[in-house]
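I have placed the structure first, in the form of C-alpha cells, so that the comments after it can refer back to it.
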Amino acid sequence: MIGQLRVPCAYQGGKQRVAAQIVDLLLEANPGPNTRFYDLCCGSAAVSIELVKRGIESSRICMLDISSWGVFWTAICSGTFDMDVFDQFLSELPGDKRELKAHMLELAALPIGEHEAELYPVLQACSFGGKQIWRNGNRWANACFRDFWQPTATSIRRSPANPMQPSSIELRRRVGILAQHMRGAACLNMDIMAILSNPIPNDSVVYVDPPYQDTTGYAFGFDVNAFIRKFREVSEAPLFVSEGAPLNSDAVLLNFGGAKGGISGIRKGKHQEWINRF
Ligand SMILES: C[S@@+](CC[C@H](N)C(=O)[O-])C[C@H]1O[C@@H](n2cnc3c(N)ncnc32)[C@H](O)[C@@H]1O
C-alpha cells in the first residue's frame, strides 16, 4: 500500500518527478534514526510522501505551506480530514465530463465554508495547467478550469484531454491512502518566516521549495535569501533549497529523465531543477 502513495494531483512546481533524487540528498545529509525532516513550502508534498515511502516515520516530518495545501495537509496529518464530506463533493461531480467545468466554476464561486480542506483537492485537481488556486478571504481566487477536449480527425493529439486529473476515483484512492500513511506528521499552515521563531534542532534536515524566481502565478512568496540568512542565525541544520538555477557553487542539477536515484547530466531543454545546499 505504501508503494502506492502519490501526490493528490498535479501542481505547478510540484516535485514528484525529482522527489526521489531530492530525498536521496536529504537522507544522505543525516541518516540518523531520529533526524527530523522539514518540508517547507510543501505544496502537494511530493518530498514528504517520498520520505514516507522510504520508511521515514511520519512523526519525523514537519510540513509547512501558507496556502490551502497547508490546510489540507494539517487535516490529513492530524486525522481531522472529513472523508464523508470529501466523498460528498466527489459524488456531486457530474458524470458527463463535458459538464465538469461549469460545475467547478459554480463550486468555486461559492463562499468558502468550513470544508476548505476537503474541497481544495477537488478544485486543484481540475485546475487549468495545475496552476495554484488559492483562498482570498472567504473566496477562491485564480480558479480556472479545463474543458473536456476530444480529438478531431485532423488533431495531432489523439487522446482526449480530461478536465480532472486524476479522475475522481483515483483522487479518492490517493487521498484515502495518504490519510493512512501521512497521519502523525506535523503540518503548519503559516508563513515560512514564522518557523524561524521555533527551535529547529541541528540534527534536522531542512528542505525548502519556494516559488522560483522567474515564476508567476503563485499567490504567496517570500525573500529566499533573507530566509537563508536568518535560518543560519538560528540553526546549523543542513539546508537544501530548490530553484530553477544554481544559487551557489554547491548546487546540484537534478536529472529530469525520470530515472530514480542518480543525479547527473545536463537536461536538454529549458526547464532545470537545481538543489542548492547551504
Ligand atoms: C514550488 S511550490 C512547492 C511545490 C511542492 N514542493 C510540491 O511538490 O508540490 C511553492 C509553494 O510555496 C508556498 N509558499 C509561497 N510563499 C510562501 C510563504 N511565504 N510561506 C509559506 N509557504 C509559501 C506556495 O503556497 C506553494 O505551495
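The values are calculated or read from the model by the stated rules, or taken from the named source; none is laboratory data. No experiment lies behind these values; they were computed from the predicted model shown. When we count neighbours, we look across all protein chains shown, and the Cβ atoms used for this are built from the backbone with ideal geometry, even at glycine. Remember, those area values only see protein heavy atoms, side chains included, never the ligands or the DNA or RNA. Shrake-Rupley method; radii C 1.70, N 1.55, O 1.52, S 1.80 Å.
Some observations on this one:
- An ellipsoid equivalent to region 83-167, defined through the eigenvalues of its Cα gyration tensor, has semi-axes of 26, 14, 10 Å when rounded to whole angstrom and sorted largest first.
- Whole-Å semi-axes of the ellipsoid equivalent to the chain (Cα gyration tensor, √5λ, descending): 31, 22, 18
- For the residue pairs 15/97; 53/101; 15/270, the C-alpha atoms sit more than 23 angstrom apart in 15/97; 53/101.
- Loop GluC sites (Glu not before Pro), region 92-175, which have at most 13 other Cβ atoms in a 10 Å radius of their Cβ (DSSP): 92, 114
- Cα-based helix-to-principal-axis angle, 19-29 vs the chain, degrees rounded to 10: 20 degrees
- D_trans [Stokes-Einstein, Kirkwood Rh over alpha-carbon pairs] for region 61-120, 25 °C, 0.890 mPa s, µm² s⁻¹: 192 µm²/s
- In a reduced charge model with +1 at each Lys and Arg Cβ and -1 at each Asp and Glu Cβ, the chain shows a dipole moment near 920 debye about its Cα centre.
- Accessible surface of residue 80 - all protein chains present, 1.4 Å probe, nearest 10 Å²: 90 Å²
- Per-residue SASA entry for residue 78, accessible area with 1.4 Å probe, Å² rounded to 10: 60 Å²
- The figure for residue 228 is an accessible area of roughly 20 square angstrom, using a 1.4 Å probe on the protein chains alone.
- Largest to smallest accessible area among 73, 134, 140, 149 [probe 1.4 Å]: 149, 134, 140, 73
- Where only DSSP H runs of four or more residues are counted, the chain gives -9000 deg cm²/dmol as its mean residue ellipticity at 222 nm, each run worth -39500 (n - 2.57).
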